[in-house]
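Here the structure comes first, spelled out in structure tokens, and everything after it is commentary.
The values are calculated or read from the model by the stated rules, or taken from the named source; none is laboratory data. Please read all numbers here as calculations on a predicted model, not as lab measurements. No Cβ is skipped: glycine too gets one built from the backbone with ideal geometry, and neighbour counts run over all protein chains shown. The accessibility values were calculated without ligands, DNA or RNA, using every heavy atom of the protein model including side chains. Shrake-Rupley method; radii C 1.70, N 1.55, O 1.52, S 1.80 Å.
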Amino acid sequence: MVKRVFSGIQPTGTMHIGNYFGAIRNWVSLQNEADCIYCIVDYHAITIDVDPKELRTASQSMALDLLACGIDPERSILFVQSDVPTHTELEWIFGCVTSYGDLSRMTQFKDKSDKQEFVSAGLFTYPILQAADILIYRADGVPVGEDQVQHLELSRRIARRFNSRFGEYFPEPEPIVRKGARIMSLADPTSKMSKSAGEVHYVGVMEPETSIRKKVRSAVTDVGLEVGAAMSPGVANLFEILELACESVGDTATVAELKTEFADGKLLYSRLKDTTFERLMDVLRPIQERRAKLAASGNVVELLQAGARKATKIASATMVDVRRLVGLGTSA
Ligand code: TYM
């Protein structure tokens, strides 16, 4: 059983159904099992070029999205990363127990740096900050999608290196990866759904219904398969989304029905798409309605600042211990 959960999401770009099914849905359910700390990682967002005016708005907007999805500030700590700047102090210290070789093996760095003209050092050291985010709270469970598992392995290695050099202190955080951990793009089902790939590649959680319908209806499938053949990536992805959505709304019959039709070679992909769209909207509609109400209530800044105060308390206590263990500063 994990005792303390930490996870983060970047504020830039809209939350998409990959984020939701792969991570946020689990953030919500873990609130019933553990102490949860959830962070909007604006320091991570500036590893690439972002407009400063948009960044603050984006962080607040992401907070509203998370609250609408069911993050409960009474039970969880929700805050913006840079409101607790000790994350970066711990990052520096962790940078001194992280090897260059380990960082160069990070596949996300390779993917992201390929797409940038200017590759910042921050993009390279990104996973060290991620380890600091988690370990400053000494969290032992981290709900994430599959793309973050390699970063989590590095976080564990950093915890081990710190402990062996300075004394046993940090737990080794475990990734919590559940169903839906790798939702693919509807337009290109061989690549992961992501915010950065462009509009057609993701379905936003807050996107208007008409636009979601259009995207689901134009999802790439195949030209029809022989009976008994394995599903093509696009069809498998639609089934995965359908299954997750059905599970969320307690529909136990639809997936089995459509899978039987598929196995018998009778499934029309238009039916698969329409059903997926309908179930998906059953999940998203109430979230979108809550989001509209929350935006009107207008107290998100206070709420995030209260979260940051709670997070600061825990993070500061860790840093007192860390400075002592490492031999930094003048106070005992
Ligand atoms: P980010 O903002 O890219 O994504 C947030 C969460 O969504 C998951 N995710 C997906 N899951 C399933 N299918 C997909 N297509 C998909 N795309 C994204 C991600 O795995 C993630 O869990 N580096 C992190 C943020 C971070 C963090 C942390 C996470 C910073 N510090 C500490 C955990 C712990 C990131 O960029 O996530």
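Odds and ends about this structure:
- 3J(HN,Hα) couplings calculated from phi for region 125-133 with the Karplus curve 6.51 cos²θ - 1.76 cosθ + 1.60 (θ = phi - 60°) are, in sequence order, 8, 2, x, 6, 5, 4, 5, 5, 3 Hz; Gly and Pro show x.
- When the chain is treated as a Gaussian network with alpha carbon springs shorter than 10 Å, the biggest mean-square fluctuation among LEU242, LEU225, LEU78 belongs to LEU225.
- Amide H partners (placed H, <5 Å) of HIS16, local residues excluded: VAL205
- Cut-off under 5 Å, modelled amide H: who pairs with ILE77 long-range: CYS36, ILE37, TYR38
- Residue with peak Gaussian network fluctuation, the chain [Cα springs, cutoff 10 Å], from GLU302, GLU243, GLU209: GLU302
- The phi-based Karplus calculation (6.51 cos²θ - 1.76 cosθ + 1.60; θ = phi - 60°) puts the 3J(HN,Hα) values of region 89-106 at 5, 5, 4, 4, 5, 5, x, 7, 10, 10, 8, 4, x, 4, 5, 5, 8, 6 Hz, whole numbers, x for Gly and Pro.
- Pairwise centroid distance, computed over Cα atoms, of region 282-298 with region 1-75, Å: 16 Å
- Listed residue pairs exceeding 23 Å between alpha carbons, taken from LYS179/LYS259; LYS192/LYS215; LYS179/LYS293: LYS179/LYS293
- With the biggest extent put first, the Cα atoms of the chain measure 73, 46, 42 Å across the principal axes.
- Using the Karplus relation 6.51 cos²θ - 1.76 cosθ + 1.60 with θ = phi - 60°, the per-residue 3J(HN,Hα) values for region 272-285 come to 4, 5, 5, 5, 4, 4, 5, 5, 4, 5, 4, 7, 7, 4 Hz, with x marking Gly and Pro.
- Dipole magnitude (debye, nearest 20) for the chain, charges at Cβ of Lys, Arg, Asp, Glu: 580 debye
- Close amide-amide hydrogen proximity is noted between GLU174 and GLY141, VAL142, each under 5 Å apart and 5 or more residues distant or on a separate chain (H modeled in the peptide plane; Pro and chain starts excluded).
- About its Cα centre, the dipole of region 199-292 is roughly 320 debye, where the only charges are +1 on Lys and Arg Cβ and -1 on Asp and Glu Cβ.
- TYR169 accessible area, assembled protein chains, probe 1.4 Å, Å²: 30 Å²
- Of all DSSP beta bridges confined to the chain, the antiparallel ones make up roughly 10%.
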